[in-house]
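Visitor: Got a structure for you, questions after.
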Amino acid sequence: MTDAELVERARQGDPAAFGELVDRHRSAVYRAALAALGSPADAEDAAQDAFLTAYRRLDSFRGEASFKTWLLTIAWHQAINRRRGLTRWWRLIAQPRANEEEFRDEEHFASAGRSPEDALGDARFRRDIVRAIRELPPKLRDALLLAQSGDYQYDEIGSMLKTPVGTIKWRIAEARRVVRSRLRERGYTNVG
Amino acid sequence: MLDERDAIDRHIDGVARAMIDGEPRADFTVRVMRRIAAPRTHAGAWLWTPAAAAAVVVLIVVSFHRPQVSAPAGPVAPVIARPTSPAVEPPALMPAPVVAIADAKPAPAVRARPDRVAAERPMDVDVEPLSVQPMHVPALDPLDPTAPGAIGIEQLSVAPINIEGENK
């Protein structure tokens, strides 16, 4: 059964149909929220809110875009609204994120030369990349993270961010360039 | 150079992928459907609670500001009362910590009050000289003595009596 058919059944009052839509798109919605918020707990809350909002606005879905694109746009708005809260920003700054903890917990070996050849696979190197990505301007960071999730096409990212696809591609390339530059500033050589 | 850049970019992409890798909890769908089935809470509650809190704050602020606003409205009677009150206050303070007040330069503190009264009520210019006099009370100058207690008390008791007499 297609998304459109499930949407139609959900509109007619079949909650199971909407449950099926949740199952299909929960990962994509969750990762979009995670890209915006950085915190798994916040991302899950935002994802739930997104599905709830989508259900209540189901009548306004006209089918001009795919249900997934429409849903992701709602999810992105929910996540960005949360991100705007000062508390969330403080948590992002003050508390290390789960992913960073993973990198920190990994055993890492000292990279004496700090060339990328030596550093590849090094947890410290990856941690520095995480830090550089997190320090990116939000527009660049959002584009880079969403593009790498594997859940979205460029046009879907463009719809979510309300930005032309060409701009999205430029932002991704620019994000990589800035990250390379930050790595160079931190003493890594031969980072392109 | 380009190979190096590509290698680093692949690494950046991999780290970015790892940063948003994950799945919602297993009962995610159940919880969403439970929230959908639950009766919808009044969105107004989110608005009314902070609005009520804001109203309380406004009321408190207004109630604190009222006395200051209403004071100028009452022109003559309060004006006379205020210049006397600063003059009465020093004697009340003096008896206990005589030495402390001498060190704290009491004169400027007393001067401030008539100025403030004058600023608030330009109509009461006549009263100002009366209130200035007690501020210069020389009784405070002879605080030089090393044994302060008894002398300080005598001077304090004299000054307010003179002022009240003049005002009346």
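The values are calculated or read from the model by the stated rules, or taken from the named source; none is laboratory data. These figures come from a predicted structure and were not determined experimentally. Every residue, glycine as well, gets a Cβ built from its backbone with ideal geometry; the counts of neighbours run over all protein chains shown. Calculation scope for accessible area: heavy atoms of the full protein, side chains included, ligands and nucleic acids excluded. Shrake-Rupley method; radii C 1.70, N 1.55, O 1.52, S 1.80 Å.
Visitor: Residues that are without any contact (Cβ under 8 Å) to a residue 60 or more places away in the chain, more than 10 Å from every other protein chain (Cβ to nearest Cβ) and on the phi > 0 side of the Ramachandran plot: does the range A:5-20 have at least one?
Guide: yes
Visitor: Quick check on my filter: what residues within the range A:139-179 are within 19 Å of A:Leu37 (Cα to Cα) and not in a helix (DSSP H, G or I)?
Guide: Across the range A:139-179, the qualifying residues are A:Gly150, A:Asp151, A:Tyr152, A:Lys162.
Visitor: Report, by residue number, each residue of the range B:1-36 that is at the interface with chain A (Cβ under 7 Å from one of its Cβ atoms) and over 30 Å from A:Arg171 (Cα atoms). Can you show your working first?
Guide: Step one: filter the range B:1-36 for residues at the interface with chain A (Cβ under 7 Å from one of its Cβ atoms), giving B:1, B:4-5, B:7-9, B:11-13, B:15-20, B:22-25, B:28-29, B:31-33, B:35-36.
If the condition is that a residue be at the interface with chain A (Cβ under 7 Å from one of its Cβ atoms) and over 30 Å from A:Arg171 (Cα atoms), then B:Arg25, B:Phe28, B:Thr29, B:Arg31, B:Val32, B:Met33, B:Arg35, B:Ile36 are the ones that fit.
Visitor: Let me ask another. Among the residues of the range B:52-75, write down those that are small (Gly, Ala, Ser) and either modelled with pLDDT of 85 or more or assigned to a helix (DSSP H, G or I) (or both).
Guide: Here is the first cut: in the range B:52-75, the ones small (Gly, Ala, Ser) are B:52-55, B:63, B:70-71, B:73-74.
Of everything in the range B:52-75, those that are small (Gly, Ala, Ser) and either modelled with pLDDT of 85 or more or assigned to a helix (DSSP H, G or I) (or both) turn out to be B:Ala52, B:Ala53, B:Ala54, B:Ala55, B:Ser63, B:Ser70, B:Ala71, B:Ala73.
A quick yes/no check of all residues on (1) open to solvent by less than 70 Å² (accessible area, probe 1.4 Å); (2) over 13 Å from the mean Cα position of the chain (by Cα); (3) within 12 Å of chain B (Cβ to nearest Cβ):
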site: A:His25; (1), (2), (3): yes, yes, yes
site: A:Ala32; (1), (2), (3): yes, no, yes
site: A:Gly38; (1), (2), (3): yes, no, yes
site: A:Asp45; (1), (2), (3): yes, yes, yes
site: A:Arg57; (1), (2), (3): no, yes, no
site: A:Lys68; (1), (2), (3): yes, yes, no
site: A:Leu72; (1), (2), (3): yes, no, no
site: A:Ala79; (1), (2), (3): yes, no, yes
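Visitor: List pairs: first residue in the range A:56-78 and closer than 16 Å to A:Gly158 by Cβ, second residue open to solvent by less than 60 Å² (accessible area, probe 1.4 Å) and among the polar types (S, T, N, Q) anywhere in the structure, Cβ distance under 7 angstrom, at least six positions apart or on different chains.
Guide: The qualifying pairs are A:Ala65/A:Ser159; A:Thr69/A:Ser159; A:Thr73/A:Ser159; A:Ile74/A:Thr53.
Visitor: Same structure again: Looking at the structure I just gave you, is A:Glu174 over 21 Å from A:Trp76 (Cβ atoms), within 14 Å of another protein chain (Cβ to nearest Cβ) and in contact (Cβ under 8 Å) with a residue 12 or more places away in the chain? Give the derivation first.
Guide: Details: over 21 Å from A:Trp76 (Cβ atoms): no; within 14 Å of another protein chain (Cβ to nearest Cβ): yes; in contact (Cβ under 8 Å) with a residue 12 or more places away in the chain: yes.
Considered against the rule, which asks whether it is over 21 Å from A:Trp76 (Cβ atoms), within 14 Å of another protein chain (Cβ to nearest Cβ) and in contact (Cβ under 8 Å) with a residue 12 or more places away in the chain, A:Glu174 comes out as no.
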